[in-house]
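Structure first, commentary second.
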Amino acid sequence: MEQPGGMPDPSRAIDVAEFVGVLGELRARAGMPSYRVLANRVGPRMRPPRVVSTSTVVDVFKAGRRRLDLDLVVAIVRALGVDEPGVARWRAACVRVHASAKTGGPAGVFRQLPADLAAFTGREPELTALLETVDTGSGPASTVVISAIEGMGGVGKTALAVHLAHRLVTAGRFGEIQLYVNLRGFDPEHAPVDPAEALGAFLRQLGVPAQQVPEGVGERAVMYRDRMVGRDALVLLDDAADEKQVRDLIPASATCLVLVTSRRSLAGLDGAALIPLDVFSRDEATALLARIIGAERAAAEPDATAEIVELCGCLPLAVALAGGRLRSRPAWSLAYLAGRLRGHVVDATGMGSRLRNVFDLSYRGLPAPAQRVLRLLGRHPGTDYTTPAVAAMADLAAHDAEALLELLQDESLLQQKTPGRYELHDLLRSFAAQASGPEPSREGDAAVERLGWWFLHSAYNAAKAIDTPDLPVPTRLSEHEPMTFASYNEALEWFDREWGNLIAVQQAARDLGLHEIVWQLGVAQKFVAALRYQYADSVRAHELAVDAARALGDRAVEARVTGGLGLAHGGVGHLDDSERYHRAGLNILRELGDWVRMGPALLNLGSALNALKDHEQAAAKYLEALEIFERSGAIGGRATAYLYLGRLHQELGNLDQAERYYLLSMEDNRTVTAAARADSTKVDNRRGRVTLLGHLASVHLARGEAARAVQGYRETVGLARDIGDKYLLADAVHRLGQALLAAGETAQARETWTEALTLFENIGHEQATAVRAQLQDLNEP
């Protein structure tokens, strides 16, 4: 969002980190003045005027800042050309984000914590014990503080841990980093989370680029512990299966607090303070019920209140469900609810007859449409649900689906740990699945199929928005409006949020024999898996896709997904498997006489051979692909072949040959770009042009032609800035600094690297460390 006149709007920032980002946008809007120039402008605008160093201004724009000098910010805003009414808005926004941080509002990765429960009640002895553990473990201790909260399902372990976390952050403790993961240790429908997967998510949240996250759990754990050293951090590991699952997720720094919840004893965790959690006392259970339904209503029928608490076994989840029934039924007396609970006995099903009784009563009290949605959620293969997805699954209009989801939340049958995303407690998911009947119903199968087509069409739209190449159009229409995306980043964020659901939906489609959905979902995820370095998931997705293609008897599809499996294996470093699958896919294409797809397949096989250092064979495959592209007139494919040949020759030190191929690729790329601008259905491959310009400039630099390299990198920077890709821009600016230094322009190189450092820090990229070291070396006499 921008202010009138195109100025960035500071009011959209919800924390200091976002405020710094918007301030960076303002600097860009002002023409990206250098920090040195900005420092000279800022000094006279300070009150009183004074000399301000360049480094002082640079520090304001650094990512990860926890507080800012208000007077300095105001002077910078004025120096960037904002008028006085605008300055007042910036001042107010700066004050607001700092006030939010002081009161426990959003800061850094604070939003990783689930929301605190408004109805949290009781647990004072346990809270006191936990706070004493934290206080005792703080200070000069040499080990991390670990508190493990143990107890049965539904007893309120997560609620207690989340409440404690918010209480500590609000009090100013562990304000730098808060991380949360649901480990699903006892989820009846899903396997426990792999520690490697949880570590990967944590590392990305800590600013490690996806491509730099190691593959193995051991290497990830080492990097994670290194990233957490000295950090004021709280880590909440929810619903752990056992000590083994959490051991690698525990940092080593004494500045960190780890809260673990589990239904199993975690006595094997060295140094952990164990906090056993039992059901509520009668007084606590009564207080919770009164808080939900109102103290006056509970006090008016004390005997019935006591009986409801007793029938719920004082289990917090059951009491909350009973309270939700009464809150949504103001005409019911408490005695009436107690009678229904007392008279509706259901056999135990592993969760206890009392708890099952409460669940069943809540379920039977729902209107039929809400009962149906709850049953279908028991068949949903994922772990959380959005309104559009549920609308598709239940064959409802979006507004009707939302109303029913909100009703289920009001009844305490659903929860929202993240706005807009609903979840079922695993005990309730088990109940919902059982409510569907002992065998999968035709209604449930049809719902999963509708969900599969909806996810496929949404994934197709997202894949198209991020310029996924060679993307097949879904072979059947979705009955419900899929997600659409206005930008590259919006689509990428959707993939990030829905990744686990996409994997689960593909698996569920496989189980139902929905082969078209299976293979097309594998292909739709291929490009984003590469962008996010989720190659292990891509391997499994393409294995399912190959099986689906064979079940369909479609050799053309089999060739496509077999090649995709080769790319996925290459991504995880299985080079021999990568070559094998690329050859298998290519052989099918030769069998079919599909020359159109044979060109890209040859390029992929050539890349696999190049990775195996078989340069001669790689070059042969590239040239064979080039011949096919020239025969078919596929200019885009020809440009890619030239690029691959250029990279191979540059790797071998043949700079003249590399330059020749890059120039040929550049010419074809211009033709493709012009065609894309004339035809909105074609992809404008500007990212490919940035890559080409960078490669060409690197050849000039390697040959000692510094001036030509500077010119080339300046063009690269300009195009990257137009595209808006933050990493491409940071990398291009960094390389421009290298060329400037080689050209003897030391002052400009320093200024350029300073900008590159800020850009890398703003996206949390590991390259910031190297750039900082280069700057230090440059500044040394």
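Some observations on this one:
- Residues in the chain average 43 Å² of solvent-accessible surface per residue, probe 1.4 Å, ligands and nucleic acids excluded.
- Global geometry of segment 536-681, whether rounded, prolate or oblate, following the gyration tensor of its Cα atoms and the 1.5 cut on a/c: oblate
- Annotation for A335 and D614: the two label points, set 7 Å from Cα along the Cα-Cβ direction, are 8.6 nm apart.
- Amide H contacts under 5 Å for Q178, placed H, 5+ residues apart: V109, F110, L234
- Simple label model, 7 Å out from Cα along Cβ direction - V95 to S53, nm: 3.0
- Gyration tensor (alpha-carbon) shape descriptor, segment 158-263, a/c threshold 1.5: oblate
- The modelled label-to-label distance for the pair K726/D496, using points 7 Å beyond Cα in the direction of Cβ, is 0.8 nm.
- Of all aspartates and glutamates in the structure, the ones whose alpha carbon falls short of 13 Å from that of K244, not counting any fewer than 8 places away in one chain, are D194, D270.
- Each of L366, L274, Q650 was placed along the dipole of the chain (beta-carbon charges, centred on the mean Cα), and the one lying farthest toward the positive end is Q650.
- Set of segment 476-512 residues, backbone N closer than 17 Å to the point 7 Å along the Cα-Cβ line of K464: 476-492, 494-495
- Dipole magnitude of segment 442-572, debye to nearest 20 (Cβ charges: Lys/Arg +1, Asp/Glu -1, about Cα centre): 280
- Fraction of accessible area attributable to carbon and sulfur, segment 252-330 (%, probe 1.4 Å): 54
- Net charge dipole, the chain: roughly 1580 debye, given to the nearest 20, about the Cα centre with Cβ charges of +1 for Lys and Arg and -1 for Asp and Glu.
- With θ taken as phi - 60° and the Karplus curve 6.51 cos²θ - 1.76 cosθ + 1.60 applied, the whole-hertz 3J(HN,Hα) list for segment 527-533 is 6, 5, 4, 5, 4, 9, 6 Hz, x standing for glycine and proline.
- Global form of segment 402-521, assessed from the alpha-carbon gyration tensor, a/c cut-off 1.5: oblate
- Nearest-20 debye value, segment 220-351 charge dipole, Cβ charges on Lys, Arg, Asp, Glu: 420
- Residues whose amide H falls under 5 Å from that of V258, counting only those 5 or more places apart or on a different chain, are V145, I146, S147, V235, with hydrogens built in the peptide plane.
- Antiparallel bridge percentage (DSSP; both residues within the chain; nearest 5): 15
- Rounded to the nearest 10 Å², the accessible area of H480 at probe 1.4 Å: 30
- From the coordinates shown, Cα Rg over 2.2 N^0.38 Å corresponds to which of (i) 0.96; (ii) 1.07; (iii) 1.36: (ii)
- For E176, solvent-accessible area (1.4 Å; no DNA, RNA or ligand), Å²: 50
- Förster radius 56 Å - calculated FRET efficiency between D777 and R555 (Cβ-Cβ, nearest 0.05): 0.45
- Residues whose amide H comes within less than 5 Å of that of A13, counting only those at least five positions distant or on another chain, are absent (H built at 1.01 Å from N in the peptide plane).
- Farthest positive-ward along the chain dipole, Cα basis, beta-carbon charges - from H480, M223, L719: L719
- Estimated at 0.36 nm per residue, the fully extended path between L127 and A171 surpasses their Cα-Cα distance by 14.4 nm.
- Estimated FRET transfer efficiency when R0 is 45 angstrom, pair A770-A119 (beta carbons, to 0.05): 0.35
- Straight-line cross-link partners of K157 among the aspartates and glutamates, defined as a Cα under 13 Å from its Cα and at least 8 positions apart when in the same chain: D116, E126, D238, D239, D278.
- Remark: the V222-A28 segment gains 66.1 nm on full extension, using 0.36 nm per residue and subtracting the alpha carbon distance.
- Calculated [222 nm] ellipticity per residue, helices only, for the chain: -20000 deg cm²/dmol; basis is -39500 (n - 2.57) per DSSP H run with n ≥ 4, divided by all residues, nearest 500.
- Given charges at Cβ of Lys, Arg, Asp, Glu: segment 537-577 dipole, positive-most of L544, G566, A556: A556
The values are calculated or read from the model by the stated rules, or taken from the named source; none is laboratory data. All of these numbers come straight from a predicted model, not from anything done at the bench. Neighbour counts run over all protein chains shown; Cβ positions are idealised from the backbone, glycine included. Please note that ligands, DNA and RNA were not included when accessible areas were found on the heavy atoms of the full protein model with its side chains. Shrake-Rupley method; radii C 1.70, N 1.55, O 1.52, S 1.80 Å.
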